[in-house]
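In what follows, a single structure is set out as structure tokens and then discussed.
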Amino acid sequence: MPKIDEYITSAGPSAIEELKIIASRLKGKTILNVNSTAVGGGVAEILSRMLPMMTELGIKPRWELIKGGEDFYAVTKKFHNALHGTYQKLTDADFQLYRDILKANMESLNLDADVALIHDPQPAGLIDKKPAGAKWVWRCHIDLSNRQADVWNFLHGYVSRYDAAVISAPSFSQELPIKQFQVPPSIDPLADKNKELTDAEIKAIMARLNIPTDKPLITQVSRFDRLKDPLGVIEAFKKIQPYVTARLLLVGGSADDDPEGSQVLAEVRAAAEGASDIIVICLPPTSNIEINAIQRASTIILQKSLKEGFGLTVSEALWKGKPVIAGAVGGIPLQITHKYSGILTRTIEGSAYWMKRLLHEPAYAKKLGENGREHVRENFLLTRHLRDYLLLALYLESGRQDFIHL
């Protein structure tokens, strides 16, 4: 893992110095993170990079995973879709299964820590076992602006008992009796998925994956999830095929806690069947350097989400200086200023228009990518994310003082 000082090149010396000063006030404190999967999602990816940095700074990080079978993850997937605004029918038995699985996890997990960050709905019910004196934060990565009432009311009974909540964007906020803090997620510029690669490395990886590069690549990297609208991406690409020379590349996989992934992948492959310029690739969740190379080899990156938490793949692509066309949902508008650091769309037709235009105007596409990279440098790197978490921990540990002198 990289050392803190190795981030000076990407984040700047003042950001690293600030991080060290804040961390010195938390030396020896235990910070616990709890989520539902160790691989295949943005939360797991961030934690795997952030926790070693905490250790180097003298903090004691811990990471616990809740355990649940297929039935539990089917229920929490319904929770996820319902909170994003897609209606789901949930029964009393579904809610009871959630309670039962969380109760079993309370008996097996070590929840002792000075500060705990509990990520998303899956482990939210662990608040019933909060140790005395600990400070607990519910970390919500989901856009709750169109949440389904019965699911939110159920979760509200747990969330309202936390010491604070953290959201990724202002629009995610809901009425709660606790303080809410905005902390956007981040990318690690030194991770395999984002580090610099040579042209030779990129060519070798693309050849190994059997991805031809004789035409410009338009690429979407995301889980095979209906909310990422891969079928809409295919439809948009087919609209411009008579007018451009390009290939569409849909790259993804599924997370451990997403039971719908294989079904959506089958639908995508069926929609792409017979189209020689549409390539669908399913990669394992550890394929970080492959995704890096694919993004760097691409001419345009898509993220045509219908609903989104934050959408870290946008920042990943922008960091590589690529023009991004993305859905104007969730946290994506925080990452893209329309026509300045990327393109925001709401329709299949809009996505098609901008794909065609950026292919025909490479100088404009290049400028969008350059502006996007600088925006990510200033706002969405891992060092800023860690700083925000440490400031929150310091606030809670200090008795919630409004001003803390470092």
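The values are calculated or read from the model by the stated rules, or taken from the named source; none is laboratory data. Note that the structure is a prediction, hence the values are computed from the model and not measured. Neighbour counts are summed over all protein chains in view; Cβ atoms, including those assigned to glycine, are modelled from backbone coordinates with ideal geometry.
Output the qualifying pairs, or none if there are none: Cβ atoms under 8 angstrom, residues six or more apart or on different chains, first residue in segment 128-156 and closer than 20 Å to ASN105 by Cβ, second residue part of a strand (DSSP E or B) and aromatic (Phe, Trp, Tyr).
The qualifying pairs are LYS130/TRP136.
Is it the case that segment 34-43 has a residue that's in a helix (DSSP H, G or I) and either free of Cβ contacts under 8 Å to residues at least 40 places away in the same chain or crowded, with 18+ Cβ neighbours inside 10 Å (or both)?
Yes, that holds for at least one residue.
Rundown of residues vs (1) buried (at least 22 other Cβ atoms within 10 Å of the Cβ); (2) touching a Phe, Trp or Tyr at 6+ places or on another chain (Cβ under 6 Å); (3) of a type outside the set (D, E, K, R); (4) under 23 Å from ASP143 (Cα atoms), yes/no style:
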| position | (1), (2), (3), (4) |
| --- | --- |
| GLY327 | yes, no, yes, yes |
| ILE332 | yes, no, yes, yes |
| TYR353 | no, no, yes, no |
| PRO362 | no, no, yes, no |
| GLU370 | no, no, no, no |
| LEU381 | yes, no, yes, yes |
| TYR395 | no, no, yes, no |
| ASP402 | no, no, no, no |
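Can you pull out the residues in segment 171-213 that are of a type in the set (Gly, Ala, Ser) and either touching a Gly at 6+ places or on another chain (Cβ under 9 Å) or more than 18 Å from ARG373 (Cα to Cα) (or both)?
Within segment 171-213, SER171, SER173, ALA200, ALA204, ALA207 meet the criteria.
Considering (1) without any contact (Cβ under 8 Å) to a residue 60 or more places away in the chain; (2) over 21 Å from GLN182 (Cβ atoms); (3) not in a loop (DSSP other than H, G, I, E, B), say which one ARG296 fails and leave the rest.
Here ARG296 meets the rest and fails (1).
Going through segment 299-325 one residue at a time, which ones are at pLDDT 90 or above, among the small types (Gly, Ala, Ser) and buried (at least 24 other Cβ atoms within 10 Å of the Cβ)?
If the condition is that a residue be at pLDDT 90 or above, among the small types (Gly, Ala, Ser) and buried (at least 24 other Cβ atoms within 10 Å of the Cβ), then SER305, SER315, ALA317 are the ones that fit.
Identify the residue in segment 164-200 that is among the polar types (S, T, N, Q) and outside any strand (DSSP E or B) and, among all such residues, is farthest from LEU381 (Cα to Cα).
GLN174
Taking into account only those residues within segment 126-163 that are among the aromatic types (Phe, Trp, Tyr) and assigned to a helix (DSSP H, G or I), which is surrounded by the most Cβ atoms within 10 Å (Cβ to Cβ)?
Applying the filter and picking the extreme gives PHE154.
Applying the selection to segment 216-231, what residues are surrounded by fewer than 20 Cβ atoms within 10 Å (Cβ to Cβ) and either of a type in the set (Gly, Ala, Ser) or touching a Ser or Thr at 6+ places or on another chain (Cβ under 7 Å) (or both)?
Of everything in segment 216-231, just one residue is surrounded by fewer than 20 Cβ atoms within 10 Å (Cβ to Cβ) and either of a type in the set (Gly, Ala, Ser) or touching a Ser or Thr at 6+ places or on another chain (Cβ under 7 Å) (or both), namely PRO216.
Take the residues in segment 351-393 that are out of contact with any Leu (no Cβ under 9 Å at 6 or more places or on another chain) and not in a helix (DSSP H, G or I); name whichever of them is farthest from LEU231 (Cα to Cα).
LEU381
Output the residues belonging to segment 311-368 that are in contact with a His (Cβ under 7 Å, 6 or more places away or on another chain) and of a type in the set (Ser, Thr, Tyr).
Selection gives SER341 alone.
Kindly provide the set of residues from segment 13-33 that are touching a residue at least 60 places away in the same chain (Cβ under 8 Å), part of a loop (DSSP other than H, G, I, E, B) and surrounded by fewer than 17 Cβ atoms within 10 Å (Cβ to Cβ), ordered by number.
Within segment 13-33, just ARG25 meets the criteria.
Take segment 210-258 and flag every residue that is hydrophobic (A, V, I, L, M, F, W, C) and either over 22 Å from TRP354 (Cβ atoms) or touching a Cys at 6+ places or on another chain (Cβ under 7 Å) (or both).
ILE211, PHE224, ALA255
Just one of VAL280, VAL264 is crowded, with 18+ Cβ neighbours inside 10 Å, modelled with pLDDT under 95 and not in a loop (DSSP other than H, G, I, E, B); which is it?
VAL264
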